[in-house]
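The structure appears right after this line, and notes come after that.
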Amino acid sequence: MKNLRRKTLAAASAVTLGVGLAVAGGVAPAASAAGPDTTFLVLAPQGGKTDKAAARVAAANGTVVASYDQIGVLVVRSTNPDFVTDVAGAGVDSVASTAGLGTALDEGETLEVSAAEAANTTADPTKEPLFGQQWDMPMIDVPQAHAVNAGRADVVVGVLDSGISSSHPDLATQIAKNKSTSCIGGVTDTAEAAWNPTTSDHGTHVAGTIAAAVNGVGVTGVAPGVKVAAVKVVNDDGYIFPEAAVCGFMWAAEQGMQVTNNSYYIDPWQLNCRNDARQRPVWKAVQRALRYSQGKGVLHVASAGNSNWDLAHKITDTGSPNNGTPEERENLTNSCLILPGEAPGVVTVSAVGPTGQKSYYSSYGQGVVEVTAPGGDTRFRTRGASSTSTDGILSTTYNTTTKTNGWGYKQGTSMSSPHAAGVAALAVSAHPGMAPGQLSAFLGNTAEAISCPGGVYNPVPLIAAGPNAYDANCSGGKRNGFYGSGMVNAYNVVR
């Protein structure tokens, strides 16, 4: 089994198939030998303008490649090895290099479904040939919801991910192309080729769960009447950098999106520590972008993670950073959080399998998890049950090697989060005008409560790496650490 600290928060299932010359108010820094071309986040003071910061950037031999004046954040490139110290001064709150802060995207392995099977006629009332294999949709009452409201086309869900295949037969009509972009490098590129997938089908799978069309082919999404926008934040090497995430949140805000899905985390450390000098500027920049977009009416939905961690208590992280030599960080406090999942106002989603119980990999935490949703569980073994790869989530796929579209299974909180995002899109469709805070509360109030299982929960003791590898303790009552307020429910939000 691969390390479950998946950066995309998708666990694997089985496979078959310019240079400035002077500093304002000071002396230009001495010339240094050029170093590698590096990206930096430069923050102006909270609420301040970026003009002074931009002047200092130029004087420190940096180039502003993207300016988010609304939140006082600049994305900068520079070959000056002393840029961090040279740029410091009046007008600059903080600065951090993002080199080494890219999060490796692991899209998860896919169990593929044949094209013939996906196109066969069916007697199912949904007219979707593969709907019978979508156990996740009846679990959250999607058929009943569609009879009332399948979503409105003016509702757009931003999929911050690896891109969406614009040629996929289940998605071609579902993409808001005029609101799609690549945010690689922190800079927007709206060319269609730029926001299509390059190295991963993760974003295509997520998009299908949210809004795959009801068209007699393949699968259905939770909200097939809404649109999805591809907001590509994964570069060709498979990394998500903080500047791309900031760009994505700002793009969603300025494009009037109502919901975003975020099945990833920022930083090579799964937990971003606000008291760490290197990570603090990243935290500040992300927080500013999130707050700004929330003020523009965007609700952000995010995955809880696949480490089976209790996020409400101290954690020892021995697997980060994922792009270097792992460090053992013991007894991390609540100042160390998953971003964006644990940021204020973000709806954090845990995962369940076909039985409705917490997936073996899903992280949890009382007061952290808001709701739960189907994410799949291909290792479920309680009560003698035997599962298969089809206990993952079936959705749309794109083979980046053969450049072909298809359908297949994945599992992870990456898959549970888009179910919740789709339900949120249905809620906005049925009840226009809800602010993000209202929408978040509505998702919780309409969720179906799930009680904590009794005793220590360990669904896979026979195949775990150790005898207690997946032990978990659920705390709380009607709202608890495993499931939050409960299972999101599509019918409850539209009726």
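The values are calculated or read from the model by the stated rules, or taken from the named source; none is laboratory data. Small disclaimer: the values here were computed from a predicted structure and weren't measured. Using ideal geometry, Cβ is built from the backbone for each residue, glycine included, and neighbour counts are taken over all protein chains shown. Accessible surface is based on the protein model in full, side chains and every heavy atom, while ligands, DNA and RNA are left aside. Shrake-Rupley method; radii C 1.70, N 1.55, O 1.52, S 1.80 Å.
A few notes on this one:
- Solvent exposure ordering (accessible area, 1.4 Å, most first) of Lys227, Lys403: Lys403, Lys227
- Local charge for Gly476 was computed over the other residues whose Cβ lies under 15 Å away, with Lys and Arg +1 and Asp and Glu -1, and equals +1.
- Pairwise label distance in nanometres, Gln438 with Thr355, each label 7 Å out on the Cα-Cβ vector: 4.1 nm
- Other residues with beta-carbon under 14 Å from the beta-carbon of Asp154 carry, at +1 per Lys or Arg and -1 per Asp or Glu, a net charge of +3.
- For the stretch 395-494, carbon and sulfur atoms together expose 52% of the accessible surface, with a 1.4 angstrom probe and every protein chain in place.
- Proximal charge balance of Gly437 [Cβ under 15 Å; K/R count +1, D/E count -1]: +1
- Estimated FRET transfer efficiency when R0 is 22 angstrom, pair Thr402-Asp237 (beta carbons, to 0.05): 0.60
- Stretched out straight at 0.36 nm per residue, the stretch from Asn178 to Glu254 would grow longer than its current Cα-Cα span by 26.1 nm.
- Distance between modelled label sites at His431 and Arg495, nm, 7 Å Cα→Cβ extension: 1.5 nm
- Prolate/oblate/rounded label for the stretch 404-495 (Cα gyration tensor, a/c 1.5): oblate
- Sequence of Arg56, Arg288 when ordered by accessible area, the most exposed leading, probe 1.4 angstrom: Arg56, Arg288
- Measuring against 25 Å, Cα to Cα, the residue pairs Lys177/Lys296; Lys177/Lys358; Lys49/Lys177; Lys232/Lys403 contain Lys177/Lys358; Lys49/Lys177 as the ones spanning a longer distance.
- Within the stretch 34-69: backbone nitrogen closer than 18 Å to the Thr85 label point (7 Å, Cα to C-beta): 34-36, 57, 59-62
- Extended-chain gain in nm, criterion 0.36 nm per residue less alpha-carbon gap, Asp69 and Arg278: 73.0 nm
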